[in-house]
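The values are calculated or read from the model by the stated rules, or taken from the named source; none is laboratory data. Bear in mind the structure is a predicted one, so any value in this text is a computation, not a measurement. Positions of Cβ are backbone-derived with ideal geometry, glycine not excepted, and every protein chain shown enters the neighbour counts. Note: accessible area is taken over every heavy atom of the protein model, side chains too, but ligands, DNA and RNA are not part of it. Shrake-Rupley method; radii C 1.70, N 1.55, O 1.52, S 1.80 Å.
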Amino acid sequence: MNAVELEGVRQRYGSMNVLHGLDLQLAEGEVLGLFGHNGAGKTTTMKLILGLLQASEGRVSVLGQSPHDRQVHRQLGYLPENIVFYPQLTGRETLKHFARLKGAPAAQVDELLEQVGLVEAANRRVKTYSKGMRQRLGLAQALLGTPRLLLLDEPTVGLDPIATLALYRLVDHLRQQGTSIILCSHVLPGVEAHISRAAILAHGRLQAIGSLDSLRDAADLPVRLRAAGIAQREAWLQRWRGEGHVAQPLGDAGVEVTLRRAHKLGLLRELLAEGAPDDIEIHQPSLDDLYRYYMERAHHAPAEKKAQPEEAMA
Ligand SMILES: Nc1ncnc2c1ncn2[C@@H]1O[C@H](COP(=O)(O)OP(=O)(O)OP(=O)(O)O)[C@@H](O)[C@H]1O
């Protein structure tokens, strides 16, 4: 059973159609990164999964049930983009309050405060918390009741680099325990190692979905290879240029070659066997590069493929 299944989902707000036949599956224990521009439809997708919205068309299934099922609700955790707390309550009181609402064991409150690094601030009022501390409290709230499916909307907003890494480690840990996770973010660097697949949404349509490797294969963006201290640099540059690669000198005895992915291993083998480099660096297209590529493609798609008030649906 998939943790989430969306089939042909359309969502309209008045005459504005913001999701256009979305198909999406999340396997149990998978971490899906959901990325897209402002207004692409990420939060709307999360709200449909949470049962906060009713799809205008299409099928939404969560943990094998309707997202409106009460049993399903108990197994979901959600960190909204802008979480608001009662400022007068302390961190501990806040979590106790949410635990009661969610029917989660009160004993979990202290465990979670520890897990998100808020033990020392637990008895301080939330109004004295920094943005990052409020975000961590929001995360603890989402983890109450040990959810099977966790939805994180911009979880790294307000977190410093160390706290961001701690959040990603927590995501890894939850994934090992079998939690299914959808993580929306505009912060792409750093997240790639912690997701199983990436989904790129633009104008209410899924532009790409898959592992980073499969997206790299599909986009076929060039790989950059830098080598230092190679013998007979000029001869190598000419050879590579003759083979159609973009090659240029770098520093005293270094080179930079930009080439198709399919040529990477062949070129590396030759270089290692004959060029005796001191060092080699390979720069694969990053998630950021892939995101830009798919956004650019979506931007140049015909106008009817972008989310506008949809005449055809009206
Ligand atoms: N309640 C609403 N009523 C009318 N339009 C809405 C409503 N909620 C969202 N929208 C519109 O739906 C579209 C998708 O919004 P959504 O919040 O899902 O995007 P998002 O990808 O989460 O954006 P962001 O990255 O800015 O949070 C936007 O055009 C937004 O203005």
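Checking each residue in region 257-301 for being within 30 Å of PHE35 (Cβ to Cβ) and of a type in the set (D, E, K, R) picks out ARG260, ARG261, LYS264, GLU281, ASP288, ASP289, ARG292, GLU296, ARG297. Condition check for ARG100 on (1) without any contact (Cβ under 8 Å) to a residue 60 or more places away in the chain; (2) touching an Asp or Glu at 6+ places or on another chain (Cβ under 7 Å); (3) open to solvent by 50 Å² or more (accessible area, probe 1.4 Å): one failure, at (2).
Under the condition of being within 16 Å of the ligand (Cβ to nearest atom), within 22 Å of LEU149 (Cα to Cα) and either assigned by the TED database to the domain that holds LEU265 or touching a Gly at 6+ places or on another chain (Cβ under 6 Å) (or both), the residues counted in region 192-207 number 2.
Kindly state which helices (runs of 4 or more DSSP H) lie completely within region 95-204 and contain at least 1 residues that are in contact with a Leu (Cβ under 8 Å, 6 or more places away or on another chain), closer than 30 Å to VAL9 by Cα and not charged (D, E, K, R). Before the answer, list the steps.
Values: elements: 108-115, 131-143, 161-176.
Output list reads 131-143, 161-176.
The residue list ALA55, ALA27, ALA3, ALA40 contains one member that is within 9 Å of the ligand (Cβ to nearest atom), of a type in the set (Gly, Ala, Ser) and in contact (Cβ under 8 Å) with a residue 24 or more places away in the chain, which is ALA40.
Criterion first (open to solvent by 50 Å² or more (accessible area, probe 1.4 Å) and within 16 Å of the ligand (Cβ to nearest atom)) does GLY14 satisfy it?
Yes.
Those residues that are out of contact with any strand residue (DSSP E or B) (no Cβ under 6 Å at 6 or more places or on another chain), away from the ligand (no atom under 13 Å from the Cβ) and not in a strand (DSSP E or B), I need them from region 64-83; list them, please.
We begin by selecting, within region 64-83, every residue out of contact with any strand residue (DSSP E or B) (no Cβ under 6 Å at 6 or more places or on another chain); these are 64-66, 68-71, 73-75, 82-83.
The next check asks that each one be away from the ligand (no atom under 13 Å from the Cβ); those that pass are 64-66, 68-71, 73-75, 83.
Result: GLY64, SER66, HIS68, ASP69, ARG70, GLN71, HIS73, ARG74, GLN75, ILE83.
May I ask you to verify whether VAL157 is without any contact (Cβ under 8 Å) to a residue 60 or more places away in the chain and either open to solvent by 30 Å² or more (accessible area, probe 1.4 Å) or in contact with a helix residue (DSSP H, G or I) (Cβ under 8 Å, 6 or more places away or on another chain) (or both)?
Numbers: without any contact (Cβ under 8 Å) to a residue 60 or more places away in the chain: no; either open to solvent by 30 Å² or more (accessible area, probe 1.4 Å) or in contact with a helix residue (DSSP H, G or I) (Cβ under 8 Å, 6 or more places away or on another chain) (or both): yes.
Spelling it out, it is not the case that VAL157 is without any contact (Cβ under 8 Å) to a residue 60 or more places away in the chain and either open to solvent by 30 Å² or more (accessible area, probe 1.4 Å) or in contact with a helix residue (DSSP H, G or I) (Cβ under 8 Å, 6 or more places away or on another chain) (or both).
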